[in-house]
Amino acid sequence: MAGDRGDPRGGDREPRPDRAPGSLDGAALEAAVAALRAGQLVILPTETVYGLAGDAGDAAAVARIYEAKGRPSFNPLIAHVADAEAAGRIAVVDDRARALMQAFWPGPLTLVLPVRDTAAVSDLARAGLDTVAVRAPAHPLAHALLAAFGGAVAAPSANRSGRPSPTTYADAVAETGFAAAAALDGGPCAVGLESTVVSLLDGPARLLRPGAVTRAQIEALIGPLAEAEADAKRSPGRLARHYAPAAPVRLDAMAPEPGEAFLAFGPAPASPMTLNLSPSADLREAAANLFAMLRRADALKPTAIAVAAIPDTGLGEAINDRLRRAAGFVG
Ligand code: TXA
Ligand code: MG
């Protein structure tokens, strides 16, 4: 199944082992666009994590996404678009939003804005809210698909609800490939953590989810960011336990106890139960490795997964946010 890029259910498409993952395969792209137009789902590579994508304006397609993920339907989906112009057709873009789009799009930044076109992004995709989360991904395959499709594409991370987001093609297909009519192999995700989510509604801008576009980068452009509101309607998705492996997670560990797997950060003694997020203590490398290594550690069936302390600066804020959620602490 994983070798069949055009159709994860093993259809009539030939696998293309001659092509490097992430390169533009016109036939696979066409099949993916056709699937979206037919209301079917697509495994979509982005620079952050893999998504399970469907036409945001097609409520039946969106329902299929929720069903495949086993996701509570009150948690709204991000509408993916090719560029800022397309975003302006579905959302109300103010000066702050425009400045952030100019600086960080295409890229790992999602903006929550008042919705403009409620047909292009169905009620179900917005979970009934009068706002919409928009993002233009930087991955060339995602961009090519969105440009060819033209409309908004709803795409949550391709994991089943409550599990770590998939950062490789194989993990994405294993999680929700059963529900997809087409799948694009974009190689391993360069960022490895879901996009930063910033809400720009009335009142102060708020950081709903830290990510690779950092708090400091955003504040340099639009001023101080407030925290997410307790109001679940304004900050959905902050309530559930997320990104959880099966084994318990122990944070800020100096070393593993017997039976534990260990996610190290910086120089550490090698052992069969140790995986190193970044031997050189590089936050970008650690972010890119985080979810795949949580999965690999979990597969060792340890008593727990011990994780070394990660500095809370820059990208470290996003890494620690995901680790606290993996450990069961609500954000
Ligand atoms: O990097 C990413 O953002 C990936 C890739 C595939 O683009 N997508 C992703 O989607 O992480 P998802 O559905 O797993 O996370 C979307 C987050 C959720 O926490 C959701 O609650 C929030 O964005 N969100 C979506 N629409 C919102 C809205 N209208 N208001 C507030 N939060 C919203
Ligand atoms: Mg997710």
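Rounded to the nearest 20 Debye, what is the dipole magnitude of region 249-326 about its Cα centre when Lys and Arg each give +1 and Asp and Glu each give -1 at the C-beta? Could you put the intermediate results ahead of the total?
On the way: 8 positive and 9 negative charges, 57 e Å.
About 280 debye.
Counting DSSP beta bridges with both partners in the chain, what percentage is antiparallel, nearest 5? Could you put the intermediate results ahead of the total?
On the way: 16 of 35 bridges.
Expressed as a percentage, antiparallel bridges in the chain total about 45.
Only helices at least 18 Å long along their own axis, judged from Cα atoms, and with Kyte-Doolittle mean hydropathy of 0.0 or greater: name those in the chain from DSSP H. Don't skip to the end; give the middle numbers.
Details: long enough: 283-299 (24 Å, 0.17).
TM-like helix candidates: 283-299.
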Problem set entry | Rg over Rh, two decimals, the chain (C-alpha only, Kirkwood Rh) | 0.96
Problem set entry | Local electrostatic count, residue 125, Cβ distance below 10 Å [Lys/Arg +1, Asp/Glu -1] | -2
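Kindly provide the helix-only [θ] at 222 nm of the chain, computed as the sum of -39,500 (n - 2.57) over DSSP H runs of four or more divided by all residues, to the nearest 500 deg cm²/dmol? Spell out each step's value before the answer.
Details: 9 runs with 94 residues, N = 331.
Taking each H run of at least 4 residues, the total per residue is -8500 deg cm²/dmol.
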Exercise. Per-residue HN-Hα couplings for region 105-114, Karplus 6.51 cos²θ - 1.76 cosθ + 1.60 at θ = phi - 60°, whole Hz, x for Gly and Pro?
Worked result: 9, x, x, x, 10, 10, 10, 8, 9, x
Problem set entry | Cα Rg over Rh - region 85-186, Kirkwood | 0.97
For this session: Run the numbers on the chain and let me know its relative contact order in percent, using alpha-carbon pairs under 8 Å that are six or more apart.
Result: 19
Seminar exercise, completed: The exposure ranking of 122, 157, fewest beta-carbon neighbours within 10 Å first, is 122, 157
Problem set entry | From the C-alpha gyration tensor of region 249-326, square roots of 5λ in Å | 18, 13, 11
Exercise. Residue 170 label point, 7 Å along Cα→Cβ, cut-off 17 Å on backbone N: hits in region 280-314?
Worked result: 289-301
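What number, in percent, do you get for the relative contact order of region 75-221 if the mean sequence gap of Cα pairs under 8 Å and at least 6 apart is divided by its residue count?
Details: 245 pairs, mean separation 40.8, N = 147.
Result for region 75-221 is 28 percent.
Throughout, read-outs are computed from the coordinates displayed, never taken from laboratory work. Just so we're clear, the structure is a prediction, and the values are computed from it rather than from any experiment. Please note: Cβ atoms are built from the backbone with ideal geometry, for glycine as well, and neighbour counts cover all protein chains shown.
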